[in-house]
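Written below as C-alpha cells is the structure these notes are about.
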C-alpha cells in the first residue's frame, strides 16, 4: 500500500498548519466579531455535515474551520497597552540637566513597589557627561511591580526596570525577590526608532511586563522592614540564582585546587555553563556577550530543547533501570521535565521540546504509535493557542522549522535504508558500549 503524505499521516501537524494560516491572515484581514462568529458557526455546521454525509470533503472543511479558529484567536489575543499611567508619568518627566536644576523642575519621582526579579551585583566603569575620566562603581538591575508614584496609587501594578548605582566604598542594599521597597528614582521610556525593520525594544519590554525604565542611587532606596511578599516566580528565580552561584563557587575552588588544567573552570566557563544549564545569563560579562553577539552565536548561551531532551532521556533511562512500571516511569519523566522547564524559564525551545516529550510518553503509556510529525504539530498548536503572536517570532520559526526539516529528511532516509536516524545513530554507538543492544 502506498505511503500516505506526511500531512495525512500527522493530523496534528495539519491542524497546526491550518491554525497558523488563520493566525497569519489576521495581519491583513480584520473582520468584525459578529461576522467572524457567524463564519465559525457556519463552517462548524458544514464540517459536521461533511463528516456525516461527505467524508471526502471533511478534511477540507476541518482545515477551513481551524484556520477560522486561528484568525479568531489572533483577533481576541490580549495585547499589552502602549500607553499606561506609569508610561505617561515617565514620558512627561524631563531629563536632569543644568537648566532643570536652575529652574527647580522636578526630575525624580518617589516610587513604591515589590521586587519581582533581581540581577547580579556588578562592578562597572562609568564616566560623567562631557568627561573622559572613568570611575568604578557598583551597579545592580532589578524589576519592580510599582504600586504608587509620588504617593498616588496606580490603578494596577506596572513593571519598572530599575538600575541602581553606588560608589565602590558605599554599602549596597541587599535586594531580594518579594521585598517591598521605596525610593527616589528617575524614569523614562525606551526610545523607539521608526526605521523599517528595526527591532522594537519597547514592544519586547512590554511583552515582559515592563512599562518604563528607571535609574537611581542605591542609597536612596529603602527596604520596608519585615515586609516581603513571596511567590512561585520569586522562589524559582531564587533557586536559579543559587544554582548559578554554586557553579561560580565551584569554578573558584577548581582554580585554587591542584587539578589538571582540563578539569579547571574559569569565570567565563562558569558564566556560560550557568546560562546554558539554568537559563541565568546575569553572570555573563559585557566582553563575553559582545563576543557571542558579533559572531551571531549568542543563541548557544540559552537552554534549548536539546537540553530538555537529554535530561528527559536520562531520567527515563534511570527509571527503567530501577525497574519502575511503564506508566510510573513516563509520569515521573513528564513531571521532572516540566519542573526543569519551569526552572529554566520555559522559553519557546524548551516549551516545544516539553510538549513533544509529553506527547511521545503519553502515546507510549497508551500503546499508541508515536509519530514525530504529530509531536511537532501538537507542540506548535499548543504554543500558538496560548500565544498566537509567537508565529511572528524568529525563535519560534527557527525551532519548529529546523525540527520539522530534520524529521522530513529522516523520513526520506528511512524509506531508502529501512532504518530511522535514531536507529542509525544507536547502532553506530552500540559497538563501543557493552550490552548496548539489550537496552
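Out of all the residues in region 278-292, which are under 19 Å from the mean Cα position of the chain (by Cα) and in a loop (DSSP other than H, G, I, E, B)?
279, 280, 281, 282, 283, 284
With the structure loaded, tell me whether residue 118 is modelled with pLDDT of 80 or more and assigned by TED's automatic domain parsing to the domain that holds residue 176 or whether it fails that test. Please lay out each step first, then the result.
Values: modelled with pLDDT of 80 or more: yes; assigned by TED's automatic domain parsing to the domain that holds residue 176: yes.
Here the answer is yes, as residue 118 does meet what is asked.
Is it the case that residue 51 is in contact with a helix residue (DSSP H, G or I) (Cβ under 7 Å, 6 or more places away or on another chain), touching a residue at least 12 places away in the same chain (Cβ under 8 Å) and not assigned by TED's automatic domain parsing to the domain that holds residue 158?
Judged against the criteria, residue 51 is not a match.
Only one residue in 125, 110 is farther than 23 Å from residue 233 by Cα, touching a strand residue (DSSP E or B) at 6+ places or on another chain (Cβ under 6 Å) and either in the same structural domain as residue 240 (by TED's automatic domain parsing) or surrounded by fewer than 10 Cβ atoms within 10 Å (Cβ to Cβ) (or both). Which one?
Details: 110 fails: either in the same structural domain as residue 240 (by TED's automatic domain parsing) or surrounded by fewer than 10 Cβ atoms within 10 Å (Cβ to Cβ) (or both).
The conditions single out 125.
Here are some residues: 167, 94, 173. Which one is closer than 18 Å to residue 212 by Cα and assigned by TED's automatic domain parsing to the domain that holds residue 200? Before you say what the answer is, go through the steps one by one.
Values: 167 fails: closer than 18 Å to residue 212 by Cα; 173 fails: closer than 18 Å to residue 212 by Cα.
Of 167, 94, 173, the one residue that is closer than 18 Å to residue 212 by Cα and assigned by TED's automatic domain parsing to the domain that holds residue 200 is 94.
Determine which member of the set 300, 308 is closer than 22 Å to residue 397 by Cβ and either surrounded by fewer than 13 Cβ atoms within 10 Å (Cβ to Cβ) or touching a strand residue (DSSP E or B) at 6+ places or on another chain (Cβ under 7 Å) (or both).
Values: 308 fails: either surrounded by fewer than 13 Cβ atoms within 10 Å (Cβ to Cβ) or touching a strand residue (DSSP E or B) at 6+ places or on another chain (Cβ under 7 Å) (or both).
Of 300, 308, the one residue that is closer than 22 Å to residue 397 by Cβ and either surrounded by fewer than 13 Cβ atoms within 10 Å (Cβ to Cβ) or touching a strand residue (DSSP E or B) at 6+ places or on another chain (Cβ under 7 Å) (or both) is 300.
Here is a yes/no grid of residues against (1) under 30 Å from residue 80 (Cα atoms); (2) out of contact with any helix residue (DSSP H, G or I) (no Cβ under 6 Å at 6 or more places or on another chain); (3) assigned by TED's automatic domain parsing to the domain that holds residue 399:
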| residue | (1), (2), (3) |
| --- | --- |
| 325 | no, yes, yes |
| 328 | no, yes, yes |
| 333 | no, no, yes |
| 340 | yes, no, yes |
| 358 | no, no, yes |
| 371 | no, yes, yes |
| 376 | yes, no, yes |
| 380 | yes, no, yes |
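Out of region 90-104, which residues are loosely packed, with under 10 Cβ neighbours inside 10 Å and in contact with a helix residue (DSSP H, G or I) (Cβ under 7 Å, 6 or more places away or on another chain)?
None; the set is empty.
What's the number of the condition residue 426 fails, among (1) surrounded by 14 or more Cβ atoms within 10 Å (Cβ to Cβ); (2) at pLDDT 75 or above; (3) farther than 22 Å from residue 19 by Cβ?
Of the numbered conditions (1) surrounded by 14 or more Cβ atoms within 10 Å (Cβ to Cβ); (2) at pLDDT 75 or above; (3) farther than 22 Å from residue 19 by Cβ, the odd one out for residue 426 is (2).
Yes/no matrix, rows are residues, columns are (1) surrounded by fewer than 16 Cβ atoms within 10 Å (Cβ to Cβ); (2) in a helix (DSSP H, G or I); (3) on the phi > 0 side of the Ramachandran plot:
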{"position": "13", "(1), (2), (3)": "no, yes, no"}
{"position": "17", "(1), (2), (3)": "no, yes, no"}
{"position": "22", "(1), (2), (3)": "no, yes, no"}
{"position": "34", "(1), (2), (3)": "yes, yes, no"}
{"position": "71", "(1), (2), (3)": "no, yes, no"}
{"position": "78", "(1), (2), (3)": "yes, no, no"}
{"position": "83", "(1), (2), (3)": "yes, no, no"}
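Within region 149-223, which strands (runs of 3 or more DSSP E) (wholly inside it) include 2 or more residues that are modelled with pLDDT of 85 or more and over 30 Å from residue 239 (Cβ atoms)? Walk me through it before giving the result.
On the way: elements: 152-167, 179-188, 210-217.
Result: 152-167, 179-188.
Any residue in region 97-118 that's over 20 Å from residue 222 (Cα atoms): show its pairings with residues that are buried (at least 16 other Cβ atoms within 10 Å of the Cβ) at Cβ separation under 9 Å, as long as the two are six or more apart or on different chains.
Close Cβ pairs (under 9 Å, with a partner that is buried (at least 16 other Cβ atoms within 10 Å of the Cβ)) amount to 106/93.
Run residue 119 past the list (1) crowded, with 16+ Cβ neighbours inside 10 Å; (2) farther than 30 Å from residue 271 by Cβ and report the number of the one that doesn't hold.
For residue 119, the exception is condition (2).
Would you be able to say whether some residue in region 259-277 is assigned by TED's automatic domain parsing to the domain that holds residue 137, closer than 24 Å to residue 350 by Cα and at pLDDT 75 or above?
Step one: of region 259-277, the residues assigned by TED's automatic domain parsing to the domain that holds residue 137 are none.
Within region 259-277, none of the residues are assigned by TED's automatic domain parsing to the domain that holds residue 137, closer than 24 Å to residue 350 by Cα and at pLDDT 75 or above.
The values are calculated or read from the model by the stated rules, or taken from the named source; none is laboratory data. Everything quoted here is computed from the prediction, not taken from an experiment. Positions of Cβ are backbone-derived with ideal geometry, glycine not excepted, and every protein chain shown enters the neighbour counts.
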